[in-house]
Amino acid sequence: MTDTTYQIIALLVYLAAMLFIGWYAYKKTADLSDYMLGGRGLGPSVAALSAGASDMSGWLLLGLPGAIYVGGLVEVWIAIGLTIGAFLNWFFVAPRLRIYSFVTSDSITIPSFLENRLKDSSRLLRIVAGIIILIFFTFYVSSGMVASGLFFQSSFGMDYHLGLVIGSVVVVAYTLFGGFLAVSYTDFVQGIMMFLSLIAVPVVGIFVTGGFGETAASIREVDPNMLSLVSGASTIGVISAAAWGLGYFGQPHIIVRFMAIKTLKEVRTARRIGMGWMILSLIGATGTALVGIAYFQQNPESTLVDPEAVFLDMSQVLFHPLVAGFVLAAVLAAIMSTISSQLLVSSSALIEDLYKIAFKKESSAKGYVTLGRIAVAAIAVIAAALAWEQNNTILGLVAYAWAGFGAAFGPIILLSLFWRKLTAKGALAGMIVGAVTVIIWDLVGTVPEDPGATDLTNFIGSVYEIIPGFILSWLATWVVSLMTYKPNAEIDAEFDETVRLIEEDKK
């Protein structure tokens, strides 16, 4: 058999397994709560790896290694910021959101939690939150579809558009039918595949490139500054990279996993599993890039056409075609895990947070699930249309959507959990200011050192938009809340009950 045949066999086994999990979850999905939140029954391992896999996406195996391959270890500041942000998210947000979302009328989406937490009878907060989710997730899903097209193109020489369609059809199929359980179970399997692959490639690669000393020497021959965390970096650049960590507090597809964990006690176990998986995976992605730099320096007859495909190319160089096929499947797993989570959250925003409010009519449990599936398909088609022409890098698309969610929802989620004086008007103001700031900042800023740019636009282009977006959102939320705050006995009672349950769990 040819190398490609082996790889196709491995890929087909993986795709069949994902569809089987989707069918299994379909049989266990009865109502909208099951479809959108899995009946709040996730165990710690599934919750942790599901959150990690849906978070990291193809960015972990394609975007980050590609950035390090081009720029060196200075790009690791993104990973450092993300690690700190993820830990703080698990430590502070996860336990309180798990309890508070249940205390506030058993909320099953982030917009519904905010509405119930703040007793917003106008429904405006929920509508705006749903619209923001749809806007930024369309770009986020699009980034995953770009990654799927690149995957098939780099791995099999397939047409980019055909690869995009194949990847999209499979992930939409199991998400469409299986809902949250399918997404969580497949994420668990995909998370294990990603982890094993990210460890295997650099560990085997280091032997091929001659050990640590020879590998480091080869990297320095390419550029002496490649192994430096600070060489060539500006203070603004480092801060902007590390500021990615701020985004965690506002990512709906990640924090919704916290709401679905079975019990509060299992949050701590999930945190340990999730953080261990994340740290080792980021180290593996970094190691893959460094080994790739050394390998291609030592083997000038081999060429790497696209830096974001360094993980794909190295896996095919290092392993038997069948093993390489399963490593390739791990990349597709990373891509699919995030697309599926984002499609589901977008679907929940469209049905639970917009459709129910707009049409004000009740449907049967099965009727809502059917509407959720229609929404998944519709959003997928729009995202695929945006991804059809590959006009941006995976990292660029992810960065924009990550900043949008982090700025729009991050400060509000934190304040809703820890500050009883937050008001609906304050949250609405902060949400809008955060989202608009990210959009305007991205439009005004230019690529640093663009010869046609002014000093101001160069500066704006150097600063990651999540920083001004997060700060201005926080300020707007805080100021407007102080101006509009009125004591509310029901809000105070739910806040106190959440604190009581958290403290009770610590005993």
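The values are calculated or read from the model by the stated rules, or taken from the named source; none is laboratory data. No experiment lies behind these values; they were computed from the predicted model shown. Here the Cβ is made from the backbone with ideal geometry for all residues, glycine too, and neighbour counts use every protein chain on show.
Laid out as a table, the results:
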{"read-out": "Within the stretch 262-300, considering residues that are of a type in the set (S, T, N, Q) and assigned to a loop (DSSP other than H, G, I, E, B), the one farthest from residue 43 (Cα to Cα)", "value": "299"}
{"read-out": "Any hit, the stretch 364-380, residues being closer than 19 Å to residue 431 by Cβ and either at pLDDT 70 or above or surrounded by 21 or more Cβ atoms within 10 Å (Cβ to Cβ) (or both)", "value": "no"}
{"read-out": "Hey, residue 131 under 30 Å from residue 485 (Cα atoms), assigned to a helix (DSSP H, G or I) and in contact (Cβ under 8 Å) with a residue 24 or more places away in the chain or not", "value": "yes"}
{"read-out": "Residues that are at pLDDT below 85 and either within 21 Å of the chain's Cα centre (by Cα) or not in a loop (DSSP other than H, G, I, E, B) (or both), drawn from the stretch 206-237", "value": "235, 236, 237"}
{"read-out": "Filtered residues of the stretch 91-117 (kept if closer than 17 Å to residue 496 by Cα and charged (D, E, K, R))", "value": "96, 98, 106, 117"}
{"read-out": "Answer residue from the stretch 100-128, given it is among the basic types (Lys, Arg) and either in a helix (DSSP H, G or I) or surrounded by 24 or more Cβ atoms within 10 Å (Cβ to Cβ) (or both) and is modelled with the highest pLDDT among those", "value": "117"}
{"read-out": "Of residues in the stretch 238-278 being basic (Lys, Arg) and surrounded by fewer than 20 Cβ atoms within 10 Å (Cβ to Cβ), the one farthest from the chain's Cα centre (by Cα)", "value": "265"}
{"read-out": "Criterion: surrounded by 14 or more Cβ atoms within 10 Å (Cβ to Cβ), at pLDDT below 85 and part of a helix (DSSP H, G or I) - qualifying residue of 498, 457", "value": "457"}
{"read-out": "Residue count for the stretch 290-304, restricted to those that are under 12 Å from residue 69 (Cα atoms) and either more than 26 Å from the chain's Cα centre (by Cα) or loosely packed, with under 10 Cβ neighbours inside 10 Å (or both)", "value": "6"}
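Okay, residues lined up against (1) small (Gly, Ala, Ser); (2) part of a helix (DSSP H, G or I); (3) more than 14 Å from residue 53 (Cβ to Cβ); (4) at pLDDT below 75:
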residue: 302; (1), (2), (3), (4): yes, no, yes, no
residue: 310; (1), (2), (3), (4): no, yes, yes, no
residue: 326; (1), (2), (3), (4): no, yes, yes, no
residue: 330; (1), (2), (3), (4): yes, yes, no, no
residue: 334; (1), (2), (3), (4): yes, yes, no, yes
residue: 337; (1), (2), (3), (4): yes, yes, no, yes
residue: 340; (1), (2), (3), (4): yes, yes, no, yes
residue: 345; (1), (2), (3), (4): no, yes, yes, yes
